[in-house]
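Data block below; observations after.
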């Protein structure tokens, strides 16, 4: 079990300082372009991860349509982006392998389960989850303050009330302002911290510190990146969240590419990429998932079986 010191400060807290680079708007667009290139080069497994996001978005709509919780549909959908960086860790690993010229398959997305920084990654994921929960709680309190004791009980009356009444517009304005605050906080905490933990195992505190310094030293670029992410998520959500099947993988890969620009490399402290022998894929409880994923790869390659990364080419 990892020690608390390792989780919070990593093994090289005093000997491997993290240097933040100066980046600009062009770096954001270049990172997005390279993220799209990663997505196109690794479409089967990238789409796959994105489909989970899309299904989660659809589930949010159906689950919150009951129990007079319609007012939480938008906060849940928007707030999902706050924890999205944590679930994109597998995509970072795939981009990391591709930039080194290595073969990357969907199985490599699960290599993070063997990362020495996994406890720190989970701790940061819990922090983002706490921010997400605080956002949902704040949204519910705001709605209760404006709409109790006679809230709309159905979808169409709710939409009509929000768009045509004074209390509805106050909900939009104040809710948007509160959501912006939570989104800005999550962005500053996670813009480079999760890729950094995967790449160098620096510990939770230095990773968050580096992310905050990157935001402080590059406010225009980080703000632009936040706007790019927000615009992409809005576009991906419009067709019943289906567009997220493309948007989320592209943003995940692009986040890794932005990290490479924002943080100076230190090859002597980078976690080596291991041989892809993933014990997790042998878990009997997950065999149905592996079979489904392998079927997608098979369909993509036609009747020719995809290469086994464990078997060297002849």
(message) So for the stretch 24-40 (the condition being surrounded by 15 or more Cβ atoms within 10 Å (Cβ to Cβ), at pLDDT below 95 and assigned to a loop (DSSP other than H, G, I, E, B)), does at least one residue qualify?
(response) no
(request) Would you check which residues across the stretch 195-220 are touching a strand residue (DSSP E or B) at 6+ places or on another chain (Cβ under 6 Å) and more than 22 Å from residue 91 (Cα to Cα) and list them? (result) 213, 217
(request) Search the stretch 200-219 for residues being in a helix (DSSP H, G or I) and out of contact with any helix residue (DSSP H, G or I) (no Cβ under 7 Å at 6 or more places or on another chain), and hand back the single one that is farthest from residue 117 (Cα to Cα). (result) 219
(message) Among the residues of the stretch 112-119, are any in contact with a helix residue (DSSP H, G or I) (Cβ under 8 Å, 6 or more places away or on another chain) and closer than 23 Å to residue 244 by Cα?
(response) yes
(request) Count, please, the residues in the stretch 220-263 that happen to be part of a loop (DSSP other than H, G, I, E, B) and in contact with a helix residue (DSSP H, G or I) (Cβ under 8 Å, 6 or more places away or on another chain). (result) 4
(request) May I ask you to list pairs of residues, at least six apart or on different chains, whose Cβ atoms are under 8 Å apart, with the first in the stretch 163-178 being over 20 Å from residue 77 (Cα atoms) and the second being at pLDDT below 95 and surrounded by 10 or more Cβ atoms within 10 Å (Cβ to Cβ)? (result) 167/146; 167/147; 167/161
(message) Looking only at helices (runs of 4 or more DSSP H) that lie completely in the stretch 74-185, which have at least 2 residues being over 25 Å from residue 204 (Cβ atoms), out of contact with any strand residue (DSSP E or B) (no Cβ under 9 Å at 6 or more places or on another chain) and modelled with pLDDT of 90 or more?
(response) 118-147, 155-164
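The values are calculated or read from the model by the stated rules, or taken from the named source; none is laboratory data. Bear in mind the structure is a predicted one, so any value in this text is a computation, not a measurement. Every residue, glycine as well, gets a Cβ built from its backbone with ideal geometry; the counts of neighbours run over all protein chains shown.
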